Amino acid sequence: MNSEMMEVLSREVKVPQFMVCKRCGFIEYPSQFDKETRLCLKCADKESKMNYPKIQNIFERDKTTHRLIPGKLKVPSWSNIVKWSFTEKVGGMNIRVKWDGKSIQFAGRHSDNAQIPIPLRRVLENRFNHIKGFLELFQEKTVTLFGEGFGGKIRKAGATYGPTQDFILFDVNVNEHWLKREDVLEISKYLGVPVVPSLGTGTLNDGLEKVQAGLTSHWGNFEAEGIIARPVGGFLDRWGNRIIVKIKAKEFETQWEKQNER
């Protein structure tokens, strides 16, 4: 046996490493898995649909100045929607509370492995420690409760909401269907979880005027971060994406400080 053959035989044979999907148990090569979630591609695709949809600004942004262009809607067809529902925009950390029919799991906006602050995680564990309640309410349905972790040292605005971290619910998705506001309120009541306060209904221009006039937060004598607007009844765009709009106070000159001068 010549030296070349000996070298070939002595090389370490690399056995392909398989991965197991923690969601469905699917076993395959790593190429068939999503690198971030470590789920098989099928489960990863389904998981991505359970992330909270991107909330669009009300107006288009100037590519040079990066400022919003007043009057130029981000999506022109929004002008055809007459009635919108408004809630206060809370500044914090997006949290998902997931129910798979058997267990409750806490996750961030995009990742199941998000670093949730310890005080907030304790709040979540205390609020959602009743698997029996989830089972009675949702049975074996796939459910995601969407909310905001806020207060304390969560993000820059955290301290304005107070020193204590907390969770507030704003949306619920059951079997890939978004629930109406009244259904979210019922779930909030059943589980004993607070829900974001309503700021009424109106046109998008009405919502803009509320923010520009100076909107005081539900949590104290400070300016609210803004408004989240959803079409009453719930609509999807032609690509099947949920329509949801944000009107942030910092993007406009508001009257809040003038009205609250001492």
Where residues in region 91-111 are surrounded by fewer than 17 Cβ atoms within 10 Å (Cβ to Cβ) and within 22 Å of Ile131 (Cβ to Cβ), which of them is modelled with the highest pLDDT?
Gln105
If we keep just the residues of region 138-185 that are touching a Pro at 6+ places or on another chain (Cβ under 9 Å) and β-branched (Val, Ile, Thr), which is nearest to Asn241 (Cα to Cα)?
Ile168
Any residue that is acidic (Asp, Glu), surrounded by 12 or more Cβ atoms within 10 Å (Cβ to Cβ) and farther than 17 Å from Leu73 by Cα - is there at least one of those in region 206-222?
no
Within region 68-86, track down each residue that is in contact with a Ser or Thr (Cβ under 8 Å, 6 or more places away or on another chain) and of a type in the set (D, E, K, R).
Lys83
Take the residues of region 80-137 that are in a helix (DSSP H, G or I) and in contact with a helix residue (DSSP H, G or I) (Cβ under 9 Å, 6 or more places away or on another chain): which is nearest to Ala224 (Cα to Cα)?
Arg127
Report, by residue number, each residue of region 112-130 that is closer than 22 Å to Asn51 by Cα and surrounded by 12 or more Cβ atoms within 10 Å (Cβ to Cβ).
Asp112, Ala114, Ile116, Pro117, Leu120, Arg121, Val123, Leu124, Arg127, Phe128
Of Gly162, Gly149, the only residue that is under 21 Å from the mean Cα position of the chain (by Cα) and either under 30 Å from Pro119 (Cβ atoms) or assigned by TED's automatic domain parsing to the domain that holds Arg127 (or both) is Gly149
Looking at (1) in contact with a helix residue (DSSP H, G or I) (Cβ under 8 Å, 6 or more places away or on another chain); (2) not in a strand (DSSP E or B), find the lone condition where Ala229 falls short.
(2)
Across region 205-221, what is the number of residues that are within 24 Å of the chain's Cα centre (by Cα) and over 21 Å from Ile81 (Cα atoms)?
6
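The values are calculated or read from the model by the stated rules, or taken from the named source; none is laboratory data. Here the structure is a predicted model, which is why all the values come from computation and not from measurement. As a convention, Cβ positions derive from the backbone with ideal geometry for all residues, glycine included, and neighbour counts pool all protein chains shown.
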